[in-house]
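See below for the structure under consideration.
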Amino acid sequence: MSSENLDLVRSILAEWERADFRSVSWAHPDIEYTLIGGPEPGTWKGLAEMTISVRDFMSAWDDYGIEAQKYRELDGERVLVLVRLRGRGKASGLDLGATHANGAEVWHVRDGKVTRLIMYWDRDRAFAELGLEE
């Protein structure tokens, strides 16, 4: 089962790397979506709240993108993905590429659906909270 979880997460990130963020078929209807750090940290519950949060976030950036750098299965339900972010803030002009925006994501997968997604803007914080070393 865990390799199926890894395959699911890889397929989602493959779409995101092509800047295709439209599909949410991978998400459980009651997904918990958490952003730790960054410009708008918070937690949203359910597909509708997650969709609104992502739409609002994406509207603040030009050329937003994500690159998955490494995948690591943590256990039978969790996949850690190390990511690099890029984009330019529409209002601020902030260039994420220039800030070396190295983040991490923890994907919780059960029965072929993502039940929880935690996105860290700071990779070191993710490692600390997970009790891992890079």
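The values are calculated or read from the model by the stated rules, or taken from the named source; none is laboratory data. These figures come from a predicted structure and were not determined experimentally. Please note: Cβ atoms are built from the backbone with ideal geometry, for glycine as well, and neighbour counts cover all protein chains shown. Surface areas here come from the heavy atoms of the whole protein model, side chains and all, with no ligands, DNA or RNA. Shrake-Rupley method; radii C 1.70, N 1.55, O 1.52, S 1.80 Å.
What to note about this one:
- Selection from segment 48-73 of residues that are open to solvent by 70 Å² or more (accessible area, probe 1.4 Å) and among the β-branched types (Val, Ile, Thr): ILE52
- Residues of segment 1-23 that are closer than 22 Å to GLY87 by Cα and assigned to a loop (DSSP other than H, G, I, E, B): ARG18, ALA19, ASP20, PHE21, ARG22, SER23.
- Cross-chain or 6+ apart pairs with Cβ under 7 Å, segment 59-78 first and basic (Lys, Arg), then surrounded by 15 or more Cβ atoms within 10 Å (Cβ to Cβ): LYS70/LEU82; ARG72/LEU80; ARG78/VAL106; ARG78/TRP107; ARG78/HIS108
Yes/no per residue for (1) assigned to a helix (DSSP H, G or I); (2) among the hydrophobic types (A, V, I, L, M, F, W, C); (3) modelled with pLDDT under 95:
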| residue | (1), (2), (3) |
| --- | --- |
| VAL79 | no, yes, no |
| ALA91 | no, yes, yes |
| ALA104 | no, yes, no |
| HIS108 | no, no, no |
| GLU134 | no, no, yes |
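- Matching residues, segment 18-66, being modelled with pLDDT of 95 or more and among the acidic types (Asp, Glu): ASP30, GLU32, GLU49
- Verdict on GLU134 being open to solvent by 60 Å² or more (accessible area, probe 1.4 Å) and out of contact with any Cys (no Cβ under 7 Å at 6 or more places or on another chain): yes
- Pairing each residue of segment 20-33 that is touching a residue at least 60 places away in the same chain (Cβ under 8 Å) with any residue that is in a loop (DSSP other than H, G, I, E, B), provided the two are 6+ apart or on different chains, yields C-beta distances under 7 Å for ASP30/GLY46; ILE31/GLY46.
- Residue match in segment 104-117 (condition: closer than 20 Å to GLU134 by Cα, of a type in the set (D, E, K, R) and within 15 Å of the chain's Cα centre (by Cα)): yes
- Residue count for segment 116-132, restricted to those that are assigned to a loop (DSSP other than H, G, I, E, B) and in contact (Cβ under 8 Å) with a residue 24 or more places away in the chain: 3
- Answer residue from segment 80-99, given it is over 25 Å from ILE12 (Cα atoms) and aliphatic (A, V, I, L, M) and is surrounded by the fewest Cβ atoms within 10 Å (Cβ to Cβ) among those: ALA91
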